[in-house]
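K.L.:
Can you keep this structure in mind? I'll have questions shortly.
What follows is calculated from the coordinates using simple rules that are stated; it is not laboratory data. Treat the numbers as computed from the prediction; the structure is a model and nothing was measured. Note that we place each Cβ from the backbone using ideal geometry, even for glycine, and neighbour counts take in every protein chain shown.
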């Protein structure tokens, strides 16, 4: 078997942008068939890596770096794109923060797993959009281990905000700058964002993005996350939701 020329294969699949003085290398698209409600939807997946700014790295250089830099130890973000995201006049986006417990295990303590899958459904039904899956956002930016500690404090009665601040963190330390830089690389036209969080809308507008609208994303309320959802609205400033029946 002839050894593949990896650099030649990927050279047309790498784009570069910048944020905060660093280079961001975006690789993709990769065809990604996804099962949603018993039907296969074709998304296109990109991942990106942040590196110290300097002379633009060639595809060969990036491949060489794989064996010298432990990329596996670095959390990396990605984005799922559906339809003609670049050119469609009306496209949706979702800035989704990684949630190990909700997205992977299906925890009912939060609504993250529901929001992840529901956003994908909304985007697919709409016909074009992008779901940004953001690393380093666990627990609103405090990390997985600290999130476990925060959960222990919540079991003693603290809400999400107080648990984070008691551990010495901000209520919400997430930054969307990298994701917005990648968004601008993939699309220049206006977007509508799927969110209940005004900070995400503000981050987009502050970065110069034209936000055409907002799609609310409430649902999956239960006795396990009732306090969590109320805290989002009452203390974190999230846009409100219509009264919902709490599922026992």
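K.L.:
Measure nothing but the geometry: give the 0 to 90° angle between the long axis through the Cα atoms of 144-154 and the longest principal axis through the Cα atoms of the chain, rounded to 10°.
P.N.:
So the helix axis and the longest Cα principal axis differ by about 10 degrees.
K.L.:
Could you put 236, 97 in order, starting from the residue whose Cβ has the fewest other Cβ atoms within 10 Å? The partial results should precede the final answer.
P.N.:
Values: 236 17, 97 25.
So the ranking, lowest neighbour count to highest, is 236, 97.
K.L.:
Here is a follow-up. Divide, for the range 19-140, the radius of gyration over alpha carbons by 2.2 N^0.38 Å, where N is the residue count.
P.N.:
Values: Rg = 16.1 Å, N = 122, 2.2 N^0.38 = 13.7 Å.
My calculation over the Cα atoms of the range 19-140 gives 1.18.
K.L.:
Mean residue ellipticity at 222 nm from the helices of the chain, using -39,500 (n - 2.57) per DSSP H segment of n ≥ 4 over the full residue count, to the nearest 500 deg cm²/dmol?
P.N.:
Numbers: 9 runs with 77 residues, N = 248.
That calculation yields -8500 deg cm²/dmol at 222 nm.
K.L.:
Let me ask you something else. Order by neighbour count: 200, 13, 41, 31, fewest other Cβ atoms within 10 Å first, most last.
P.N.:
Working: 200 22, 13 13, 41 17, 31 9.
By the 10 Å Cβ count, ascending: 31, 13, 41, 200.
K.L.:
Please work out the FRET efficiency for the pair residue 155 and residue 52, using the Cβ-Cβ distance as r and a Förster radius of 30 Å; give the result to the nearest 0.05.
P.N.:
Details: r = 41 Å, r/R0 = 1.37.
Computed FRET efficiency for residue 155 and residue 52: 0.15.
K.L.:
Now a separate question. Going 7 Å from the Cα of residue 9 toward and past its Cβ, which residues in the range 23-52 have a backbone nitrogen under 15 Å from where you end up?
P.N.:
28-31
K.L.:
Right, something else. Taking the 0 to 90 degree range and rounding to the nearest ten, how far is the long axis of helix 177-186 tilted relative to the main principal axis of the chain, both from C-alpha atoms?
P.N.:
Between helix and principal axis, roughly 50 degrees.
K.L.:
(1) 14.9; (2) 15.9; (3) 14.1: which one is mean projected area of the Cα convex hull in nm² as calculated from this entry?
P.N.:
Answer by label: (2).
K.L.:
To the nearest 10 degrees, how steep is helix 112-126 against the longest Cα principal axis of the chain, on a 0 to 90 scale?
P.N.:
Tilt relative to the chain: about 60 degrees.
K.L.:
Could I ask something else about it? Tally the DSSP beta bridges in the chain and give the antiparallel ones as a percent, rounded to 5.
P.N.:
Working: 28 of 42 bridges.
Looking only at bridges with both residues in the chain, the antiparallel portion is about 65 percent.
K.L.:
Further, regarding this structure: Taking other Cβ within 10 Å of each residue's Cβ, how do 94, 61 sort, fewest first? Intermediate values should be presented prior to the final figure.
P.N.:
Details: 94 24, 61 11.
In order of increasing Cβ crowding within 10 Å: 61, 94.
K.L.:
Of all the Cα-Cα pairs you can form in the range 144-195, what percent are over 18 Å apart?
P.N.:
Values: 663 of 1326 pairs.
So the portion of pairs separated by more than 18 Å is 50 percent.
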